[in-house]
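So the structure is just underneath, and the comments pick up after that.
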Amino acid sequence: MVCWTKNRSVALTAITMALLSTSFAARADSLIENVNGMTLDSEGKVIRFAAMVVDDDGRVKKLLDRRDKRPKDVDFQFDGKGKTLIPGFFDAHGHVMEMGFAALTLDLSDTRTLAEALAKIAQYAADNPNRPWILGNGWNQETWGLGRFPTAAEIDAVVPDRPVYLARVDGHAVWVNGAAMTAAGISAATKSPSGGTIEKVGGKPTGIFVDAAIGLFEQAIPVPRPVERDIALSKAQEILLANGVTSIADMGTSMDDWQSFRRAGDKGQLKIRIVSYASGIDEMIAIGGPGPSPWLYDDRLKLAGVKLYIDGALGSRGALLKRPYADKSGESGLAMLSPAQLKNKMSRAAMDGFQIAVHAIGDKANDEALSAVEELRETYKGDRRWRVEHAQIIDPADLNRFAASGIIASMQPVHQTSDRLMAEARLGPDRLRGAYAWKSMLDSGAKVAFGTDVPVESSNPFAGLSTAVTREDADGQPFGGWMPEERLNREQAWQAYTNGAAYAAFAEDRLGSLEPGKRADFLIIDGDILLATPSQIRNVQVLQTWLAGRPVFVQQP
């Protein structure tokens, strides 16, 4: 979590006031000087520069090397003191409002045992006696080495008097206590909804609700007020900018989320760029009406399309597989939509020009997503940029189908290190060859975009870059990388986090690189990502973040 200190605020204010105090004549320019500048072009080739001219509209006007003459008529000059300057990252898959709320509620992502989690729940409840519900996220029974899901009775032992509702790290399951089930009217007679599972033992709910079953609590949990939503958005922006993320694809935007984004934009408080994908067809129509929105607030907000779900997540065994789970025979995952339902929803979106992003984790889910696109692309022509979100477990026989149909694989490198041991258990050794297969996907000719799935993982893109080139976690495990043949080189990984993500959102004409004509969204960082070791890349610090040629984050000295 990022905390704005007085010193950091003063530093940011000083730079901003220097910019604002300049003369705003027509096409007044700024010069960013004395930097180790680097960006990638659309082909993934490195462009190096020592200075950058930014026009008054916040776009890159010119890149200069050390021998080029500097313009004399600039209104503002910034000395980078030789630090590395790179484009801001574009997170291809995240959840902005969920990220903000996660930062403001109980976070269990750092717990390593069930006992630690229960202690933290108890302490949080004691520290917040007036909250009617205890809400939180981030638990992972795999990290705890539990070998099972936790139960309601275990929460009841520490918080028996108030509802407790805790989302799993992937957002595809919740862990609740008895009071929460009572508040939602859930009993032994409650049946699992289509596309979801109520975990039961002896006919009674255990306190675990998977995928569509999560919706059973929707009416019981207090709805955040607009002011609380605005606070969550502000917190999310704060964290993203501190991590060097200047643009993000928000996967699953609700009308309430959209209104929060619009309120921030109206007040001049939208400091990041958000490309929204509505949470289902109804929200898509409510937000976009007859089609995608135009770019709003100087390219800071746009509704591009819709997010649809085929399956759940691997950790909760909701990912839809062609064969049963290796560690639970008889179960093959949860289908959120039938193939016919999926194609109907995709068709409804495509007919009005909305871009379609389909969540598919298991190999069967990916097969169904590919088949749907292969059929629909015969009707809906043109540059559609169909997206498959996660593309996590692919039957090797299906890999070439992505490129053949122009489908973008929107993937999250850090999931590989988080999921490695669990994936081995869930799939068994014979189904791992198409798992987290970034290199194979690129080699097949498919377009790849990288993101973090924040708040499932940290929004810090440098951890993802390091993972993509090593297939190792923060501790360097496994040595040499897990399935090392799927490692990428630095330029490939960096491209997927910048130009690749921008292309996936139809934004490559204005975002993703620092080429002339594009928005001057950039970072000043403390290391050279093309020369640093992978462990050094993971620990790179963002010193400053600029959006449209203006500073929006400055690290405390």
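The values are calculated or read from the model by the stated rules, or taken from the named source; none is laboratory data. Keep in mind it's a predicted model, so treat the numbers as computed, not measured. Because the Cβ atoms are built from the backbone with ideal geometry, glycine has one as well, and the counts that use them run over all protein chains shown. These accessible areas exclude ligands, DNA and RNA; they are computed on the full protein's heavy atoms, side chains included. Shrake-Rupley method; radii C 1.70, N 1.55, O 1.52, S 1.80 Å.
Things worth noting here:
- Hey, Ile214 of a type in the set (A, V, I, L, M, F, W, C), open to solvent by less than 60 Å² (accessible area, probe 1.4 Å) and either out of contact with any Phe, Trp or Tyr (no Cβ under 8 Å at 6 or more places or on another chain) or in contact (Cβ under 8 Å) with a residue 24 or more places away in the chain (or both) or not: yes
- Positions within region 57-71 being in a loop (DSSP other than H, G, I, E, B) and either buried (at least 19 other Cβ atoms within 10 Å of the Cβ) or not basic (Lys, Arg) (or both), in sequence order: Asp57, Gly58, Asp65, Asp68, Pro71
- Those residues of region 168-191 which are at pLDDT 95 or above and either more than 20 Å from Ala212 (Cα to Cα) or not in a loop (DSSP other than H, G, I, E, B) (or both), in sequence order: Val174, Trp175, Val176, Gly178, Ala179, Ala180, Met181, Thr182, Ala183
- Exclusive hit being surrounded by fewer than 15 Cβ atoms within 10 Å (Cβ to Cβ) and either modelled with pLDDT under 95 or more than 20 Å from Ile248 (Cα to Cα) (or both), set Val46, Val54, Val35, Val74: Val46
- Tabulated pairs, region 539-552, first more than 20 Å from Ala28 (Cβ to Cβ) and hydroxyl-bearing (Ser, Thr, Tyr), second in a strand (DSSP E or B) and open to solvent by less than 30 Å² (accessible area, probe 1.4 Å), C-beta under 7 angstrom, 6+ apart or interchain: Thr545/Thr246; Thr545/Leu523; Thr545/Val552; Thr545/Phe553
- Selection status of Phe506, hydrophobic (A, V, I, L, M, F, W, C), open to solvent by 40 Å² or more (accessible area, probe 1.4 Å) and touching a residue at least 12 places away in the same chain (Cβ under 8 Å): yes
- Qualifying residue in region 348-361 (condition: in a helix (DSSP H, G or I), open to solvent by 40 Å² or more (accessible area, probe 1.4 Å) and at pLDDT 95 or above): yes
- Among the candidates Arg323, Arg262, the residue that is farther than 27 Å from Ala391 by Cβ and touching a residue at least 12 places away in the same chain (Cβ under 8 Å) is uniquely Arg262.
- Qualifying position, being part of a loop (DSSP other than H, G, I, E, B) and closer than 15 Å to Tyr165 by Cα, among Ile221, Ile214, Ile198, Ile208: Ile221
- Any chance Gln492 is among the polar types (S, T, N, Q), within 20 Å of the chain's Cα centre (by Cα) and surrounded by fewer than 24 Cβ atoms within 10 Å (Cβ to Cβ): yes
- Test: residue in region 277-290 that is open to solvent by less than 20 Å² (accessible area, probe 1.4 Å) and among the charged types (D, E, K, R): no
- Some residue of region 466-475 being within 24 Å of Leu320 (Cα to Cα) and crowded, with 24+ Cβ neighbours inside 10 Å: no
- Tabulated pairs, region 473-489, first within 22 Å of Lys447 (Cβ to Cβ) and among the basic types (Lys, Arg), second open to solvent by 50 Å² or more (accessible area, probe 1.4 Å) and modelled with pLDDT of 95 or more, C-beta under 9 angstrom, 6+ apart or interchain: Arg487/Lys439
- Filter result (under 22 Å from Phe101 (Cβ atoms) and either among the hydroxyl-bearing types (Ser, Thr, Tyr) or touching a residue at least 60 places away in the same chain (Cβ under 8 Å) (or both)) within region 142-168: Thr143, Tyr165, Leu166, Arg168
- Of all residues in region 515-556, those being open to solvent by 30 Å² or more (accessible area, probe 1.4 Å) and among the hydroxyl-bearing types (Ser, Thr, Tyr) number 2.
- Region 106-134 residues that are surrounded by 11 or more Cβ atoms within 10 Å (Cβ to Cβ), paired with ones that are hydroxyl-bearing (Ser, Thr, Tyr) and part of a strand (DSSP E or B) (beta carbon under 9 Å, 6 or more apart): Trp133/Tyr165; Ile134/Tyr165
- When region 265-294 is filtered for residues that are among the hydrophobic types (A, V, I, L, M, F, W, C) and in contact (Cβ under 8 Å) with a residue 12 or more places away in the chain, the ones remaining, listed by number, are Leu270, Ile272, Ile274, Val275, Ala278, Ile281, Met284, Ala286, Ile287.
- For region 311-347, residues that are part of a loop (DSSP other than H, G, I, E, B) and in contact with a strand residue (DSSP E or B) (Cβ under 9 Å, 6 or more places away or on another chain) total 17.
- Close pairs (6 angstrom Cβ cut-off, 6 or more residues apart or separate chains): touching a residue at least 60 places away in the same chain (Cβ under 8 Å) and at positive phi in region 43-58, assigned to a loop (DSSP other than H, G, I, E, B) and surrounded by 13 or more Cβ atoms within 10 Å (Cβ to Cβ) anywhere: Gly58/Ala520; Gly58/Ala548; Gly58/Gly549
- When Ala249, Ala236 are screened for being part of a helix (DSSP H, G or I), under 25 Å from Phe354 (Cβ atoms) and not polar (S, T, N, Q), only Ala236 passes.
- Residues that are of a type in the set (Lys, Arg), open to solvent by 10 Å² or more (accessible area, probe 1.4 Å) and farther than 27 Å from Val373 by Cα within region 409-462 comprise just one, Arg420.
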